[in-house]
Amino acid sequence: MRVLFVYPNLYTQMGFNHGLASLSAVLKRAGHECELVNLNENLPPVPTHEQILERVRSGGYGLIGFSCLTQQYPAALELAQWLRAQSPDLPPLVVGGIHPTMVPEEVMASGVWDHVGVGECEDALLDLVTRLERGEQPSDVPNFLSWKDGVRRPGTREWIHNRVGEFPDFAALPMPDYELFDTQRITDQKQGWFGLMSSRGCPYRCTYCLNHRIVDRYKEELGRNVKGIGFFRFRSAEAMLEEIRWVLGRYRDIGTFILDDDLFTQNVPHALAFCELYEKSGIGVPFVVNSHVKQLDERVAEALSRAGCRILKLGIESGSPRVRKEVLKRHMTQKDILETVASAERWRLHSSGFVMVGLPTETRAERQETVDLLAQTAIGRFRTSFFFPFPGTDGYRMAVESGEYVPGRELGLTDFTDRSCMDFGAEENLLVEKLGLCMPWFVNERLDRFREAPASRRYRPLVEKVLAMDAQQWAAFQPRIREIDGEYSRAAAAHDELHYAIRYNRFMGVRSDYYLAEEQGQEWHTASARPDQELRQAALAAAASEVC
């Protein structure tokens, strides 16, 4: 069978979809053909609805499969509805991904889709395609909501919600189908950054993430405990090295590998095995991994450093102990965060933190705690986003219960880096937006609370000016943020003042010693502007006396 995948990835970050690449690889291994319509403005020309319809009509496809996040679902639904209106004899329309997994009944109730996929669907989609190819009208395939007898009945609830099957054996899956995407073009657009995955799953239950709901669904429908469902899975180091060598032989100008695993450092033997093999391979391409503040084993940190890990990413999310504990279910103290950042940099790993603003029940003082924690850690870089309530998560429920959630507003956003979909009142909404878009300036202004930092005096008038702006003044000011940031950053760098600047994208604050070393073609950890370790130890000592 010929299968057409559609990825409605418009007006958000351009990237490679690991799920679609894996689904395609499984189908191709079984002898099916797969193609992709990747809708992204960074990969022009973006095909029109009419062009997609013509491709569907002429392609001889037996199935059209969409994959989407919540932010992408409105575009997927609109396109699917339009295709239905133009051509009633379409092949089956299937949708999967995060949004359908979280709220499958809601998605099925639209009446547009023939099948709605839940969870990881490599085995299930192959079963569905095989049975459709045989001329069957399957309604009992695991992981899918399907219409009874294969007949859509819009306006009714006459569908079957099949329980999930086993998680796919990740180690036995074929290598992702990188050829499904225009991977060389994507790699060029991302300046040589290339995503890989060596594991699936996460043991934590952060309220804003989908993982806790996936675990709950599989536990309930399979009737097993967490350990029994086998959510956390790994691909062997040998298989990963084989994949990496294939990728390097196929695509040019790869400068950095991104291990997109939720938590690469969680399984110590797995992390050590990969690092040892990668170091011995002599590949030499630097890589980036995700870690947890409380799960950075010193042996792993050392191995990562030896193997060529460039950046260690940490989910901090909030500087407020209360918000982390009560709202996010991220159980870590200020001391944990400070020690892990210090440990990373001790092993010459550039530290990177994810933080959010505009969280449910978050106070103004707690937002300031996030600014202060970033300043106190002197973390290498940080990425700021606005809290996004993914439907179906505990975070979504908390947002609704807080009274700060605006129903449906999240469906009007294509990402979570431009603005918030919450409502804290006009004054606080304005502050949240300013923090989200200018976080490096706010952090710079607070640096001198924790170390000698001349840059604080430089940025303080700028922060005061931003805080004094009303909504109209702020709207007029926003287009100049990157320009003004460049002016201030150049002046601070000229005076050898350690600071954060907006670099690489509009939501990333990067410490000046790192980006200046990069611009000069030097290794960051040998640059003379590296923060004084004694100041780090002083920050740790101060944190040790706090009640967290």
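General remarks:
Residue-wise test of (1) among the polar types (S, T, N, Q); (2) under 21 Å from residue 505 (Cβ atoms).
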| site | (1), (2) |
| --- | --- |
| 295 | yes, no |
| 315 | no, yes |
| 325 | no, no |
| 338 | no, no |
| 356 | no, yes |
| 362 | no, no |
| 369 | no, no |
| 379 | no, yes |
| 382 | no, yes |
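- Cross-chain or 6+ apart pairs with Cβ under 6 Å, the range 466-477 first and within 14 Å of residue 426 (Cα to Cα), then assigned to a helix (DSSP H, G or I): 471/430
- Residue list for the range 281-307, restricted to those being in contact with a helix residue (DSSP H, G or I) (Cβ under 9 Å, 6 or more places away or on another chain) and part of a strand (DSSP E or B): 287, 289, 291
- Each residue in the range 221-253 was checked for being among the hydrophobic types (A, V, I, L, M, F, W, C) and surrounded by fewer than 18 Cβ atoms within 10 Å (Cβ to Cβ), and 6 pass.
- Those residues of the range 310-328 which are on the phi < 0 side of the Ramachandran plot and touching a strand residue (DSSP E or B) at 6+ places or on another chain (Cβ under 6 Å), in sequence order: 310, 311, 312, 313, 314, 315, 316, 328
- Considering 363, 377, the condition of being more than 22 Å from the chain's Cα centre (by Cα), more than 23 Å from residue 515 (Cβ to Cβ) and among the polar types (S, T, N, Q) is satisfied by 363 alone.
- Every test in (1) in contact (Cβ under 8 Å) with a residue 60 or more places away in the chain; (2) out of contact with any helix residue (DSSP H, G or I) (no Cβ under 8 Å at 6 or more places or on another chain); (3) over 26 Å from residue 14 (Cβ atoms); (4) of a type in the set (A, V, I, L, M) is passed by residue 494 save one, and that test is (1).
- The helices (runs of 4 or more DSSP H) found entirely in the range 60-173 that carry 1 or more residues being surrounded by 14 or more Cβ atoms within 10 Å (Cβ to Cβ) and more than 29 Å from the chain's Cα centre (by Cα) are 73-86, 122-133.
- Residue match in the range 400-416 (condition: under 17 Å from the mean Cα position of the chain (by Cα), within 24 Å of residue 464 (Cβ to Cβ) and either basic (Lys, Arg) or in a loop (DSSP other than H, G, I, E, B) (or both)): no
- Test: residue in the range 521-537 that is surrounded by 16 or more Cβ atoms within 10 Å (Cβ to Cβ), in a helix (DSSP H, G or I), among the aliphatic types (A, V, I, L, M) and at pLDDT below 90: no
- Verdict on residue 422 being surrounded by 20 or more Cβ atoms within 10 Å (Cβ to Cβ), among the hydrophobic types (A, V, I, L, M, F, W, C), within 28 Å of residue 10 (Cβ to Cβ) and touching a Pro at 6+ places or on another chain (Cβ under 9 Å): yes
Here's the yes/no breakdown for (1) in contact with a strand residue (DSSP E or B) (Cβ under 8 Å, 6 or more places away or on another chain); (2) free of Cβ contacts under 8 Å to residues at least 60 places away in the same chain:
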site: 184; (1), (2): no, no
site: 237; (1), (2): no, yes
site: 248; (1), (2): no, yes
site: 255; (1), (2): yes, no
site: 259; (1), (2): yes, no
site: 272; (1), (2): no, yes
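- Positions within the range 226-259 being under 24 Å from the mean Cα position of the chain (by Cα) and part of a loop (DSSP other than H, G, I, E, B), in sequence order: 230, 231, 232, 235, 236, 251, 253, 254, 255
- Within the range 151-168, the set of residues being under 23 Å from residue 221 (Cα atoms), touching a residue at least 24 places away in the same chain (Cβ under 8 Å) and of a type outside the set (Val, Ile, Thr) comprises 157, 159, 161, 163, 165, 166, 167, 168.
- Residues in the range 271-296 that are crowded, with 21+ Cβ neighbours inside 10 Å and over 25 Å from residue 338 (Cα atoms): 2 in all.
- Test: residue 496 is in a loop (DSSP other than H, G, I, E, B), under 19 Å from residue 375 (Cβ atoms) and at pLDDT 95 or above: yes
- If only residues of the range 199-214 that are part of a loop (DSSP other than H, G, I, E, B) and out of contact with any Leu (no Cβ under 7 Å at 6 or more places or on another chain) are counted, the one that is farthest from residue 326 (Cα to Cα) is 201.
- When residues of the range 480-507 are limited to those that are among the aliphatic types (A, V, I, L, M) and more than 27 Å from the chain's Cα centre (by Cα), the one surrounded by the fewest Cβ atoms within 10 Å (Cβ to Cβ): 494
- One residue stands out among those in the range 336-361 that are under 18 Å from residue 437 (Cα atoms) and not hydroxyl-bearing (Ser, Thr, Tyr): the one that is surrounded by the fewest Cβ atoms within 10 Å (Cβ to Cβ), which is 354.
- Criterion (more than 27 Å from residue 490 (Cα to Cα), in a helix (DSSP H, G or I) and of a type outside the set (A, V, I, L, M)) met by exactly one of 362, 427: 427
- Cross-chain or 6+ apart pairs with Cβ under 6 Å, the range 373-388 first and in contact (Cβ under 8 Å) with a residue 40 or more places away in the chain, then among the basic types (Lys, Arg): 375/446; 380/511
- Residues (crowded, with 20+ Cβ neighbours inside 10 Å, among the aromatic types (Phe, Trp, Tyr) and outside any loop (DSSP other than H, G, I, E, B)) located in the range 174-198: 178, 194
- Residue list for the range 308-325, filter: out of contact with any helix residue (DSSP H, G or I) (no Cβ under 8 Å at 6 or more places or on another chain) and in contact (Cβ under 8 Å) with a residue 24 or more places away in the chain: 310, 311, 313, 315
- Considering the range 365-392, and only residues there that are surrounded by 23 or more Cβ atoms within 10 Å (Cβ to Cβ) and polar (S, T, N, Q), the residue that is nearest to residue 320 (Cα to Cα) turns out to be 370.
The values are calculated or read from the model by the stated rules, or taken from the named source; none is laboratory data. A quick note: this is a predicted structure, and the numbers were derived from the prediction, not measured. With ideal geometry, Cβ positions are generated from the backbone for all residues, glycine too; neighbour counts draw on all protein chains shown.
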